[in-house]
Amino acid sequence: MIAELGLAALWLAAALAALQLIAGSLGLTARGQTLAGVVRPVAVVQGLLALVAFAALVVLFCQTDLSVKLVAMNSHSAKPFIFKLAGTWGNHEGSMLLWVTVMGLAGGFVALVERRLPERAMLATLAGQAFVSLGFYAFLLISSNPFERLNPVPAEGQGLHPLLQDIGLAFHPPTLYLGYVVISIAFIFAIGALVTREVGPAFARAMRPWVLGAWMFLTVGITAGSYWAYYELGWGGWWFWDPVENASLMPWLAATALLHSASVLAARNALRAWTVMLGVVAFSMSMVGTFLVRSGILTSVHAFAVDPERGSFILALLAINIGGALTLFGLRASSVTEGERFAVVSREGALVFNNVMLSAILGIVLFGTLYPLLAEAMGAKVSVGPPYFNPMGALFAVPMLIVMAVGPLLRWRRDRLSRIRGGLIVPALRVVLAGVGLGIAAHIGLLPHIGLALAGGLALASLLPLRGRNLLRTPLPVWGMVVAHFGIAVSLFGMASESAFSVEQLVAARVGDVMPVGPWQVRLDRIDPVAGPNWTAMEARMYARYQGGAPVEIHPQARFFWTPPQQTSESALVTRWNGQLYAVVGDQAEDGRWQMRLWWKPFAPMIWLGGLLVGLGGLLALLGRVASDLRRISARHKIAFRRERQGR
Amino acid sequence: MSGGTDRKTVRWALWLPLALFAGFVGLVLIGLLRPADREVASAMIGKPLPPFDLRAAIPDRPGLAHAQFVGGKPRLLNIFASWCIPCAVEAPQLDALARQGVEINGVAIRDRPEDVAAFLARNGNPFARIGADDVSQIQLAIGSSGVPETFVIDAKGTIRYQHIGEIRPDQVPLILEKLKEAEQ
């Protein structure tokens, strides 16, 4: 019954999206203007219906209703409740339904509150939202119905992929996903602006909160995903340049560029065509990301998400949406005037420079990700890894980070470097000193070396915009920028330190052995079999002492799941302010000794702490923008109210 | 962003993103249409069995060592576990193979004797010998990634074929054919 309700809601939502598209498009013409009035209400109801469908699926998963095929394939009655809930979106159909739900709700919200844009641009925007959503509705209803029944009803479900049965992973994909979907709202604003040629500050201001929100979710999602890969895969690394990681990084790079160029457009009415282009690129990257993950066209650690047939469907959607948008761009962009001019040395100049650098890094990552495919088309099998990505990325990241330190100190339109020289001397000196100091410490690679020096300089420089300000009166968006830039410095410091100073030990240990790693002494106390709800494991009990201090008990595990059968390793971490101890237990050798891998990673947690700070910066900026929007709306209402009274 | 003196170049550049995108779509289309080679081939095929010596998993069958695969006819090495549901699914097919005179040696992965005994009582016991592998050492040494898996071992103790997953009824002839091939 619930499944049928969900399916009915989904069909209705799709029908309303079709109505929204037709009414929105006709509303743009001279004769169809009477239809324009229905577009906003329809958008709201469409979003609510999608929500009903998604809620129905959540209920089915929580009840473990095995008569529904999707539940039987992806859930199991023995699973802990939180993973039953996460099972809703931990599969293809559910995640697509989540996509249309978020997009529908966001569209409905825009339809309700957005009044700054000209009505024609709003119609085009909402028609665009309906068009994109319709593609996904068709996808769900035609090729991946989440509510399909199963007859006969199986006695037990198949379970969720063991690697996914982890609390971090129950929330990492939906966070990223929210980023992907919310960026689609920025995309439809860009389309609306292009169609009606209304590319100006109003468009940038309407789009900006959505870009900020998407960017925040992407940041947090990537950070969480990286930490998950770090402790769950048990390889000791935190970023592997895996195609699927790249697929999440590319939209982030594009969204970062878009965020900054939208700020220029909102404040200075410059960079018009470029901002629209980035809006299209950011959404393309999120769809390309979904496509790469789902199609399995590139092999990766995310192999559980693969399905070639669905890949073709997503590719078709991608071709229609992005191909259409880029065609529109080619047709219209020449009629979008350039907007205000500015000097090279100015806030805009710095932002443009960083935009170009971000785009270059994006191009490098995209090329590196697709290169194996290109090579395969030519008959060779290759894989591209850190030796390509690290130096090539750094080539553009280093100048970008330097300009990032200076940019926020510059004035809009035109400035002189000599004006801010006083403020720059301190961080510049700091950079040089750090470089020299580390040169003496030596034995570290060139990239970590540059990274450490830059991180120090950037951390200081990022705080300089607060100098001379009343901290309580500083607007939230400025705080957001400062916190986010500082977060980048913190994260960079963690990365450089992790890569420069990590110590690794690979040992075969007997019970009772003491293993040194960096400043730690780790003793293997015993190894026991333990059992969880749907797995068994060999669990090691170890005592770790930091420089002879009090022992900390840790329990790394080698886990074996039986539905479906799979081995995973649960690493054990000890986090201190100055780093992390990382322990993995492997297999037992024939002579009875256990394989152990131990790492001491100085300041490694800073990588993710920095990521969270960046996300917090995004949140602060978003709150600041939303608050000022709300103030403007309430002020407008007051004025309208007064006028009405005076009229009487 | 800057300039725009030569309008023609600018116009042309506006179509560049679309051209790049078309290139991307073309590339992935080739990738999708090409029948991908997704078979997992064990690197151990053609190599001798790695050395092992396992204690008996249940009292009424002997344990298993690599030396017992040498001489006579080709044999099957079946990796299973009492907690593995596909293993129960494949049991009738193993029985059918055993009835046709195939010698099947089993390895029980991370199991308890009473569980193995109960499993065999329920699903039949086609095994000549059953070794107990409590730490998956054979699994790793032989390049197996899960249960069940079945290996065809020829009379010289060389691994000739790896069957991943349960043997379905229609795959029994395939296994017999691989055993015949291994006789040569």
Legend entry - Residues of region A:374-422 satisfying the condition of being of a type in the set (A, V, I, L, M, F, W, C), assigned to a helix (DSSP H, G or I), modelled with pLDDT of 75 or more and within 30 Å of A:Asn269 (Cα to Cα): A:Phe396, A:Ala397, A:Val398, A:Met400, A:Leu401, A:Ile402, A:Val403, A:Met404, A:Ala405, A:Val406, A:Leu409
Inset, instruction - Taking only region A:527-554 into account, find how many residues are in contact (Cβ under 8 Å) with a residue 12 or more places away in the chain and part of a strand (DSSP E or B). - result: 18
Inset, instruction - Could you please give the count of residues in region B:89-122 that are on the phi < 0 side of the Ramachandran plot and within 12 Å of chain A (Cβ to nearest Cβ)? - result: 4
Legend entry - Filtered residues of region A:593-648 (kept if open to solvent by 40 Å² or more (accessible area, probe 1.4 Å), among the charged types (D, E, K, R) and over 24 Å from A:Arg545 (Cα atoms)): A:Arg625, A:Arg631, A:Arg632, A:Arg636, A:Lys638, A:Arg642, A:Arg643, A:Glu644, A:Arg645, A:Arg648
Inset, instruction - Collect the residues in region B:161-179 that are open to solvent by 80 Å² or more (accessible area, probe 1.4 Å) and touching a Pro at 6+ places or on another chain (Cβ under 8 Å), keeping them in residue-number order. - result: B:Pro169
Inset, instruction - Identify all residues within region B:123-160 that are within 14 Å of chain A (Cβ to nearest Cβ) and buried (at least 20 other Cβ atoms within 10 Å of the Cβ); write none if there are none. - result: B:Gly131, B:Ala132, B:Asp133, B:Ser136, B:Ile138, B:Gln139, B:Ile142, B:Ser144, B:Val147, B:Pro148, B:Glu149
Inset, instruction - Identify, from the list A:Ala14, A:Ala3, the residue that is at pLDDT 95 or above, part of a helix (DSSP H, G or I) and either buried (at least 17 other Cβ atoms within 10 Å of the Cβ) or outside the structural domain of A:Pro154 (by TED's automatic domain parsing) (or both). - result: A:Ala14
Legend entry - Residues (open to solvent by 40 Å² or more (accessible area, probe 1.4 Å) and at pLDDT 90 or above) located in region A:22-34: A:Ile22, A:Ser25, A:Leu26
Inset, instruction - Could you look through region A:261-289, keep only residues that are surrounded by fewer than 24 Cβ atoms within 10 Å (Cβ to Cβ) and of a type in the set (S, T, N, Q), and pick out the one that is farthest from the other protein chains (Cβ to nearest Cβ)? - result: A:Ser263
Legend entry - region B:111-124 residues that are more than 21 Å from B:Val135 (Cβ to Cβ), paired with ones that are of a type in the set (Gly, Ala, Ser) and open to solvent by less than 60 Å² (accessible area, probe 1.4 Å) (beta carbon under 7 Å, 6 or more apart): B:Ala118/B:Ser82; B:Asn123/B:Ala88; B:Asn123/B:Ala91; B:Gly124/B:Ala91
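Okay, residues lined up against (1) closer than 16 Å to A:Leu259 by Cβ; (2) of a type in the set (Phe, Trp, Tyr):
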position: A:Thr175; (1), (2): no, no
position: A:Ile183; (1), (2): yes, no
position: A:Ala186; (1), (2): yes, no
position: A:Phe189; (1), (2): yes, yes
position: A:Leu194; (1), (2): no, no
position: A:Phe203; (1), (2): yes, yes
Inset, instruction - Scan A:Leu331, A:Leu292, A:Leu318, A:Leu298 and give me the residue that is facing chain B (nearest Cβ under 10 Å), closer than 27 Å to A:Leu218 by Cα and at pLDDT 85 or above. - result: A:Leu318
Legend entry - Scope region A:465-503; condition part of a loop (DSSP other than H, G, I, E, B) and open to solvent by less than 50 Å² (accessible area, probe 1.4 Å); matching residues: A:Thr474, A:Ser502
Inset, instruction - Could you check, for region A:214-221, whether at least one of its residues is open to solvent by 10 Å² or more (accessible area, probe 1.4 Å), of a type outside the set (Phe, Trp, Tyr) and under 26 Å from A:Thr327 (Cα atoms)? - result: no
Legend entry - Entirely in region B:67-184, the helices (runs of 4 or more DSSP H) that have 3 or more residues that are within 19 Å of the chain's Cα centre (by Cα): B:85-99, B:137-142, B:172-183
Inset, instruction - Looking only at region A:528-542, decide whether some residue is at pLDDT 90 or above and more than 14 Å from chain B (Cβ to nearest Cβ). - result: yes
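The values are calculated or read from the model by the stated rules, or taken from the named source; none is laboratory data. Everything numeric in this text was worked out from a predicted model, so none of it was measured. Virtual Cβ from ideal backbone geometry, glycine too; neighbours counted across all protein chains shown. Just the protein is used for accessible areas: all its heavy atoms, side chains included, with ligands, DNA and RNA removed. Shrake-Rupley method; radii C 1.70, N 1.55, O 1.52, S 1.80 Å.
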